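These notes concern the structure reproduced below.
The values are calculated or read from the model by the stated rules, or taken from the named source; none is laboratory data. These numbers come from a predicted model, not from an experiment. Cβ sites come from the backbone with ideal geometry, for glycine too, and all protein chains shown count toward neighbours. Surface accessibility is based on the protein's heavy atoms, side chains included, excluding ligands, DNA and RNA. Shrake-Rupley method; radii C 1.70, N 1.55, O 1.52, S 1.80 Å.
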Amino acid sequence: MPTGTLIVEAVRQAGLDLNIPCGGQGRCGRCAVLVDNRQAVRSRSELRLSQEDRAAGYVLACQTVLEGDVTVTIPPQERIERRLVTDRIATKVTLPFVYDPKQHQPMQLMALTLDPPSMDDQTDDWSRLKRAMALQHGISELTIDLPTLRKLGTTLREANWMVTAVVELDTWDRPQGPPRLVDVVPGHATNHLWGAAVDVGTTTVSLYLVDLLSGEIAAQAAEYNAQIKRGEDVISRIIYASRNGNLQEMQALVVDTINQILERACGRAGIRPSEVYKMTVAGNSTMIHLLLGLPANSIRLEPFITTINQPPPVQAAELGIAIHPQAHVDCLPGVASYVGADIPAGILGSQMCESKTVALFLDIGTNGEMVLGDCDWLVSCACSAGPAFEGAGVRDGMRATVGAIEEVWINSQTYEPTYRVIPDPKLEAQGQPTPPRGICGSGLISLLAEMFITGVIDKAGNLNFDMGSPRIRRGEHGPEYVVAWGSETAHGRDIAITKVDIDNLIRAKAAIYAGFTVMARSVGTDLSTVERVLVGGSFGQYINVEKAIQIGLLPDLPWEKFHFLGNTALKGALLALLHREFRHHLTTIAQKMTYLELSADNSFYEAFTSALFLPHTDLAHFPSVAEVLAARRNNPISRSVQGGS
Amino acid sequence: MPGIEVPKEKWSGKVREVTLGATAAEGGTRARTVTVGGETTLPFLKFEGEIPHPPAIAIEVRDQPPSDWPALLLQAWDGATQDVAEWAKAAEAAGADLVALRFNASEQLSAPYARQVLRRVLSATGLPLVVFGPGQADWDNEVLVAVAEEGKGERLVLGVCEEKNYRTIVAAALAHGHLVDARAPMDVNLSKQLNILIHDMGLPVERIIMDPTTGALGYGIEYGYSVMERLRIAALQGDSMTQLPMLVTPGEEAWRTKEARAAEGVPAAWGDYVKRAINWEVLTASTLIHSGADIVVLRHPESLRRVRAMINALIG
Amino acid sequence: MALTGLQIYKLLPASSTNPEVKAHANCKECGYPTCLAFAMKLAAKQADLSLCPYVEEESKRQLEESAAPPIRLITVAGSAKKLEVGNELVLHRHEKTFYHPPGLFVRVKDTQPDAAQVAKAVADYTVDYVGMSLSLDGVAVEAAGGDFGATVAAVKAACPFPLILMATDPATAEAGLKAAQGTTPLLWAASAENWQAMAQLAAQYKVPLAVLGPNGDLNALADLAEQVKNAGVEDLVLDPGTRDHASSLAAFTQLRRLALRKNERKVGYPLIAFAGDDITLAAQHIAKYAGFIVLDQFDPAMAYPLIVLRANLFTDPQKPIQVLPGVYEINHPGPSDPLMITTNFSITYFSVANEVESSGLPGWLLVADAEGMSVLTAWAAGKFDAERIAKTVKSTGIEQKINHKRLIIPGHVAVLLGEIEEELPGWEINVGPREAVDLPNYLKTRWG
């Protein structure tokens, strides 16, 4: 091979095939190959390679030219997959404390051995239990509810006076107790005490099933909120719920969703839902209102007032939630109509208010909520992004589960896409690829960014029909780009993104970008003061920062400033479930936070329209994207590849 | 006592100079060209910057006498509206800098018809032309593509070029050496976005005029006013995608209003119809010129005279 | 200089280092949920510092200093109408808003026999614009060798609006001031020649005084204003002496910038302009910074467009103008002509009304009270729902004016179709186009 030949070219001339999904621009990192002699090659870009990769001898075949004798090893495709997958920061719930259930947990299991009654000791069952409780556990006051009382006698006798009491020592609104007897179960069963932390999102509901004795998450589950069929955003749900009788239906729909994932998680852990004795719920104010069956209409109407921001604990039976009927469901405190409990929970989960440096917290969901501040001050705001980032409201969108396209690259010469699908473990074990069923949120972001960078769409999101690609066509729903032909998909239909989908995504990202820029401006600061960007939200952990910046969803800050926290609302609900101090702290955060009503702010609309562009009307705010665009315009490597093909 | 220093803004940006029309030497047939733009300060603030070219006035002419114009306006042209070539000549005689030829949305409007009308106007006047289609995207495309071909090399301004049809119009301008009138609906961001899209297609910025749209006096002029003022400030602050001269159509807006149309059946407080109607067009135009308009398209010869007088008074 | 919300927050109890003050952090006593929320309201000038009893003295001083208006508020008054000008905070209306519209005055001379009639005509002139009743603001009486005192008295009797007394001779001016007693006229003008006497008069009669500088010389004007102020007159109005388009624009722009950007107190006063009978010069002064504009003639055909221009430019850009809800007739509709409904946001109304009007098609336009929001915004906020639409139909008496029961709703609220049909039994609801520009075509092809 002559000196100066690109490795991709050399590989081709050697009769081998090397995939270059992005078209040889060094953008995707999928053409990484091993070279045995780094001195004999020269690389133009190593952007996509980690420190370890480089140390191990990886170079990008599309960015590297030969300058001497070298042996190139093409790694098996799976290895590249794995290398890329590890790029994602996985959610690992690490608790910010060493969990001590005796110290932290208001729910306790107490083994009791009662003296059986006799003619000499005719104490009633309840007093007998209380006496044992005082003697054996030092608890003198105890309350009980009627349903528990009804089964008390039978249980005590059937269990031969050996029982375990499930006791709730206190709740946030009764910090001094008195303790409440939630249940008595036969025998001394003190191995597990179950609780559940739930995040009721507008689009997705997620749950952790937690062993309150160890603090371990035993199982998790998530599902689309069944209310979605009654409206995709909170406003449509409120409008629907405010009509006659619909509130009950909405309440039932979300309870059904919770019960469904509860059952699924319990199934995985091999327990029954009725063994769960406590549930904490984070959610935006509308979701909490609808869950509690509270009218939500005033949330929508000026001056946007909730019925309650800090609801008291209610018993599961009153809501129809399938955990133990007398167990408390504790809905976490919110700040205002559009900043619900999920935000204090997220802040708690992120530990943002412990730090002296200014951080921006983003919960990217259907309702985009954000907080700016430090240990001294916190402001929050909310904006409606719509469900596109959760894969809903998009024709071929889906949740991030098996079969979802989660990342896409588009070849800048052929406009052919390459994609990665969340694999089905069974197929993966057999070495089979998983056929796609749809595109999830992170896939949509990546797809939008690729279409934009390669010029498949213009900066306003219009598909460019001059490209001559068969994938750009007029479909039933207007112009669209085909990501996967029917022959490749699980259902045999083409998977495509339509102009309408593109507009939805651009609107969603614009709402979020406008939200945090206006928030920063209205306190008189700007994004350059932000030291950390904490990204939460149920899909936050899967966002590729680079792509999210390219479409203008996230501000163009150095990548190391971004921290992906996963579902912080769920994590906050978990902390509140485990630790009474954290539960208390949530209330403090909620009270301290200053809520900005963006609808009262004219500049929001302004900021929104300027963000309705890729990446933004003001390209100067996105220098890294400007650089990529300039590189596309005059990329010598692209030209040489084009010339050779 | 220390003296007061005249407060001057140190603007870093400059509006681009755009030349309309081409003479024979430049590949066209115009008797002269008109250059607008080039400002380095807000309108007429000559104490701190350059105003190299006064705002230009275009007179709107139609291929057929329009059925929806009030009699006052048609009479002002003394029969010339019956023939587009005569009308263009009359506009030039009245002192217009530019002729804005606009096609009515009529049955006879077709590509060959548009070519023929354009030829007649080009030979009737030596002024540079702005050409507007009938105002419906698909039809505009058909008419303007024909006009662009027919007027090759004339540096016409093709309008209107909007987000929904910009590709076709820009391609025609690129192929035949014309300019475009980039119209966005009264929004700073939308204007800027359209300029970027057009520029991304390869049309040099010196061939784009932006048209931020406006409302008439009493009918939303304050929106147009502020949008233009903001665009111009952004331009002077160095935002390159707003550094384009601005064209607006106060004549069209003003003559749509009841104040300019109704001679009778209106409150006495509105005053004399003829004076009021012309004042309506004059104030709409003069206010927009104060907010940064570089080209105003007018309809009445008396408005032209008075707006010109104001411009002269301000340029000094 | 104005402080940002966060800068003000640093001066409020939540940021205090004094534990006693800090104890009141986020106490909510001011009526806002947190100190930061209060700080942001203060920054936006939507709340008053006195609401917080716990602010420390030094902070209070800093806050009050930053809140002082850079252009003094000046009030003039007639027997039944007053005018306030000044207190402006921005150079361009989009930065926030223009607060006090300039007063439009008509000049009469004391040699003019019909001065009182003109004054009465000015006082009687009102014109309706989008439901607002608008008028001129007063009369400027100029001493031109006639009986100034008598003319002022006659004008004052004929016109209860504020007056401007134009006399540079102190004795003449005093005659006018005497005649104007009981009102607060603006006295024009103190110049380099007469300022001591004029300042004394202004102080004695407690009236604001215009200071006239030599044509466009701002240094001389500023020095003169300072001398007059030092002589005890605080309520000043500046006249830079410019009378043509170009020099007025330069002088007025520079004075406004000096006051706002340089915080130059010597020129922190409203400005007066004389536009003669040139409507474009008067219009220029509405946009560019006059507090008083004096016209040489009263002509409704000139007054009406100027009053409308002033209403437009002095609309708060954050709060768009609304039109009055109700029935609007377009092109003389008959009972069988189409009925459309839209919201009362002015731009929404105007775009619908103008499209239909210029198409020549007759029609009835119902304007619902949607609190000044556009169709989509109002729908999202619940201000343009089936209930409000039905209420508008029922409460406006439109049913008596038409012989059909068909209503065209904006395409953007097509989802309301079913509900409106429920609310308005017997009506046929048609979904119209989304954009006003498509209405004429819709009416031509779909109505009939």
What are the residues whose amide H is under 5 Å from the amide H of residue C:210, where those residues sit 5 or more places off or on another chain and H is modelled from the backbone?
C:187, C:188, C:190, C:237
Peptide B:217-229: average number of partner chain Cβ atoms within 10 Å per residue?
6
If amide H atoms are built 1.01 Å from N in the plane of the peptide, which residues on other chains or at least 5 residues away come under 5 Å of the amide H of residue C:269?
C:72
For chain A, take every pair of Cα atoms, bin their distances at 20 Å starting from 0, and report each bin as a whole percent.
18, 45, 27, 8, 1, 0
Expected vector for the stretch B:181-187, Karplus 3J(HN,Hα) from phi with 6.51, -1.76, 1.60 and θ = phi - 60°, integer Hz, x for Gly and Pro, equals 9, 8, 9, 10, x, 6, 8
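Please list, by residue number, every one of the GluC sites (Glu not before Pro) in the stretch B:180-273 that is coil in DSSP and has at most 16 other beta-carbon atoms within 10 Å.
Taking the stretch B:180-273 and a limit of 16 other Cβ atoms within 10 Å, the loop GluC sites (Glu not before Pro) found are B:264.
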Roughly how big is the stretch A:397-495's charge dipole about its Cα centre, with Cβ charges of +1 (Lys, Arg) and -1 (Asp, Glu), in debye to the nearest 20?
160
Estimated [θ] at 222 nm from DSSP helical runs (n ≥ 4, -39500 (n - 2.57)) normalised by residues in the protein assembly as shown, nearest 500
-10500 deg cm²/dmol
Counting only the heavy atoms of the protein chains, how much of residue A:621 is accessible to a 1.4 Å probe, in Å² to the nearest 10?
100
Dividing the convex hull volume of the alpha carbon atoms of the stretch C:282-436 by its residue count, what do you get in Å³ per residue?
133
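As a test of reading the structure, rank C:11, C:36 by solvent-accessible area (1.4 Å probe, protein chains only), most first.
Numbers: C:11 30, C:36 5 Å².
I get C:11, C:36, largest accessible area first.
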Hey, could you pull the Cα Rg and Dmax for the stretch A:101-186, both in Å?
12.8, 42
Karplus-derived 3J(HN,Hα) from phi for the stretch B:86-96 (6.51 cos²θ - 1.76 cosθ + 1.60, θ = phi - 60°), whole Hz, x at Gly and Pro, runs 4, 4, 5, 4, 4, 4, 5, 5, 6, x, 5
Charge dipole of chain B about the Cα centre (unit charges at C-beta), most positive-ward option of B:22, B:223, B:179
B:22
To the nearest 20 Debye, how big is the dipole of the protein assembly as shown about its Cα centre, given +1 on the beta carbon of each Lys and Arg and -1 on that of each Asp and Glu?
1040
When we measure straight from the Cα of residue A:459, which lysines land under 28 angstrom away, once same-chain ones fewer than 8 places off are left out?
A:499, A:509, A:547, A:561, B:14, B:164, B:192
For the stretch A:269-359, run through the trypsin sites (Lys or Arg not before Pro) and keep only the ones in DSSP coil with at most 16 other Cβ atoms within 10 Å of their Cβ.
A:356
For the stretch A:397-495, the Cα gyration tensor yields equivalent-ellipsoid semi-axes (√(5λ), largest first, whole Å) of 25, 13, 12
May I ask you to give the average projected area over all directions of the convex hull of the Cα atoms of the stretch C:5-67, in nm² rounded to one decimal?
3.5
Quick one: dipole size for the stretch C:5-67, taken about the Cα centre, charges +1 on Lys/Arg Cβ and -1 on Asp/Glu Cβ, in debye to the nearest 20.
260
All lysines inside 17 Å of residue A:151 as judged from Cα atoms, apart from same-chain residues fewer than 8 positions distant:
A:130
Using only the alpha carbons of the stretch A:266-362, determine the length spanned along each of the three principal axes and report them from longest to shortest in whole angstroms.
44, 34, 20
Order of exposure, largest accessible area first, which applies to C:48, A:376 with probe 1.4 Å
C:48, A:376
Using a ≥ b ≥ c from the Cα gyration tensor of the stretch C:74-313 (square roots of the eigenvalues), is it rounded, prolate or oblate, where a/c under 1.5 gives rounded and otherwise the larger of a/b and b/c decides, a/b for prolate?
oblate
Debye calc, one equal point scatterer per Cα of the stretch C:59-106, no solvent, log10 I(q)/I(0) at q = 0.18, 0.21, 0.23, 0.29 1/Å comes to -0.71, -0.84, -0.91, -1.08
Averaging the inverse of every distinct alpha carbon separation and then flipping it gives the Kirkwood radius. What is it for the stretch B:1-67, in angstrom units?
15.4
Average beta carbon contacts from partner chains per residue of C:221-232, 10 Å cutoff
1
Residues whose built amide H sits under 5 Å from the amide H of residue B:157, excluding neighbours closer than 5 in sequence, are B:129, B:130, B:131, B:179
Restricting attention to the alpha-carbon atoms of chain B, what are Rg (one decimal) and Dmax (integer), both in Å?
19.1, 74
Could you work out, residue by residue across C:36-43, how many beta carbons of other chains sit within 10 Å of that residue's beta carbon, and then give the average as an integer?
4
Step through the residues of the stretch C:194-210 one at a time and calculate ³J(HN,Hα) from phi using the Karplus curve (6.51 cos²θ - 1.76 cosθ + 1.60, θ = phi - 60°), rounding each to whole Hz and writing x for Gly and Pro.
10, 4, 4, 5, 5, 4, 5, 4, 4, 5, 5, 8, 6, 10, x, 10, 8
For the stretch C:326-446: lysine pairs under 24 Å (alpha-carbon distance), excluding those fewer than 8 apart on one chain
8
For residue C:22, the lysines lying under 27 Å Cα to Cα, once residues fewer than eight places off in the same chain are dropped, come out as A:356, A:592, C:10, C:41, C:45, C:60
As I understand it, the value is the acute angle between the Cα axis of helix A:602-611 and the longest principal axis of the Cα atoms of chain A; what does it come to in degrees, rounded to 10?
40
Mind listing which trypsin sites (Lys or Arg not before Pro) in the stretch A:483-530 are in a DSSP loop and have 14 or fewer other Cβ atoms within 10 Å?
A:493
How large is log10 I(q)/I(0) at q = 0.08, 0.10, 0.12 Å⁻¹ when the Debye formula is applied to the Cα atoms of chain C, each weighted equally and without solvent?
-0.64, -0.89, -1.03
For the protein assembly as shown, radius of gyration divided by Kirkwood radius, i.e. Rg to Rh on alpha-carbons:
1.02
